[in-house]
Amino acid sequence: MRMPAPDQAILDRRREIAAALRRIVPGESVIDAEESLRAYDCDGLTAYRQMPLVVVLPETVEQVSKILRWCSSAGVKVVPRGAGTSLSGGALPLADGVLLGLGKFNAIREIDPDNRVAVVQPGVTNTAISEAASIHGLYYAPDPSSQIACTIGGNVAENAGGVHCLKYGMTAHNVLGVEMVLMSGEVIRIGGKGLHRPGYDLLGIVIGSEGLLGVVTEITVRLLPVPDVARAILVGFGDVAAAGQCVADVIARGIIPAGMELMDKAAIQATEGFLKIGYPLDAEALLIVEVDGPEAECDHLICEIAAIATACGATTLQPSTSEADRERFWAGRKAAFAAMGRISPDYYCVDGTIPRRCLPEMLRDMTVMGRRHGLRIANVFHAGDGNLHPIIMYDANQPGQFDAAEALGAEILTRCVELGGVLTGEHGVGVEKRDLMPAMFSALDLDQQQLVKCVLDPDLLLNPGKMFPTLRRCAELGREHVHHGEQRFPDLPRF
């Protein structure tokens, strides 16, 4: 019997899976038409694209459970997706897998001012949580630059941060509990409204797991009181390294600002041309520092920061004189990535973290790296916690330029690790940094991490191809890592 052509085989498989999913999620919530599938072929890392086999958009936990249970029994891979703002390819589809979109999980279940928590679905945008809590004088602290579009489910998957994470922490520090559906279809709850959880920190394993362990369907987040006052100050420098030194000196003085962001000249000029914020165009680097709390404390800290900046050689000091001023300062920082379109047809945003003391050295190193690869770099990053976001500018229409941008990005991330930092601060590993993981982890480290996945997803069907450069079979991992233990502790349970 003649086998169908590969294209026909794919079409037949697509129809088969779509038909099964329509028995679970009726109507237009199953997408299998090629022109409609193209809307899902990438996330925020648009250089990598792949058409999914089928897209399914459930709206209830029961539907998610049934979808995962069916896919598990049929051996079908599943890629969870939120708003698709991931910058690491974390939601990149698979040609032979189902893309499970959570956009319809967009309800705020509860705002509980007494316990200062909110219970929300994963499709709720980051900003929407603070807007809903504002009537109680509360807000949700983590604030990624994409907060008007990114969803809380994606924040949980990547452990997102934001400009205020220096003082208030990442997603991991502000999430108290999740409801999650395993690949088997089982629905589990980890944590809740309580501040303390006995036993293993399973929530810490889920946050930042990039959709490899389960599909999160509900999240309980911590809410904080809106500060009495917030003040910001713009500080210009004639040298990027001096700005980096100022960051280190402020923290060394014992001052923990609510936010501390650095932009270099390329980012300053692109942003100022875009929004006309009033940034100093003659500065080589610009710090935006914010403090919050009681008014007297904020006034004192702004004076302290201004004095430290002056000692570091600041060329301009511009404190905010109103709330409108403060918001204007931050509007430019949060629009910096979009502003890059004014000076470059394409850009590649890198995400790595280094110790604060290494900022001046790293900035000098990146300048040398950029020249070596023949590409410009604009720097916009969370200076207070050392989370770098160098923006590599290139032209995708010029042969070889994207390859050069990737190589430069890999060199920057490798240097971060060499300086005692890590490969990612908040964007996750995804496919972008997957092959760089051995620069930070040994083979044994990576295998141990995969054993955690084996417990919750033994058939390796959830978001395969992400995070781990080599995905090992669970049986193989189990044999490898219990061999010596079986000799010493023969009565222990085995994988």
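Read-outs throughout are calculated quantities, based only on the coordinates presented, and are distinct from any laboratory measurement. Quick caveat, the model's predicted, so the values are computed rather than measured. Glycine gets a Cβ as well: all are built from the backbone with ideal geometry, and neighbour counts include every protein chain shown.
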| message | Please report the spacing between the Cα centers of region 3-79 and region 285-360 in Å, no decimals. | response | 43 Å
| What residues qualify as long-range amide H neighbours of His382, i.e. H under 5 Å apart, gap of 5 or more or another chain, H built at 1.01 Å from N? | Asn387, His389
| query | If amide H atoms are built 1.01 Å from N in the plane of the peptide, which residues on other chains or at least 5 residues away come under 5 Å of the amide H of Leu99? | reply | Leu53, Val54, Val55, Val56, Val79
| message | I need the phi-derived Karplus couplings for region 114-130: 6.51 cos²θ - 1.76 cosθ + 1.60, θ = phi - 60°, integer Hz, Gly and Pro marked x. | response | 5, 9, 6, 9, 10, 10, 9, 8, x, x, 6, 6, 4, 5, 4, 5, 5
| message | Starting from the 7 Å offset along Cα-to-Cβ, what nm value, one decimal, do you get for the label separation of Asp282 and Ser322? | response | 2.7 nm
| Cβ-derived FRET efficiency at R0 45 Å, Ala335 paired with Ser184, nearest 0.05 | 0.55
| note | Cys in the chain lacking any partner Cβ under 4.7 Å -> Cys42, Cys71, Cys150, Cys165, Cys298, Cys303, Cys349, Cys358, Cys416
| Which order do Ser130, Ser184, Ser442 fall in if you start with the one that has the fewest other Cβ atoms within 10 Å? | Ser442, Ser184, Ser130
| How far, in nm, would the chain grow between Arg253 and Thr470 when pulled straight, counting 0.36 nm per residue and subtracting the alpha carbon separation? | 73.7 nm
| Extension gain Thr60-Ala149, at 0.36 nm per residue separation less the Cα-Cα distance, in nm? | 29.9 nm
| Viscosity 1.567 mPa s, temperature 4 °C, Stokes-Einstein D of the chain from Kirkwood C-alpha radius, µm²/s | 54 µm²/s
| What lysines sit close enough to Lys104 to cross-link, taking a C-alpha to C-alpha distance under 25 Å and skipping anything fewer than 8 places away on the same chain? | Lys66, Lys77, Lys193, Lys466
| remark: Between Asp114 and Asp239, the FRET efficiency computed from the C-beta separation at R0 = 51 Å comes out, to the nearest 0.05, as 0.50
| Long-range HN-HN contacts of Ala396 with modeled amide H, under 5 Å | Asp346
| said: If I take R0 = 60 Å and measure r between the Cβ atoms of Ala307 and Leu11 in this structure, what FRET efficiency does the formula 1/(1 + (r/R0)^6) give, to the nearest 0.05? | reply: 0.30
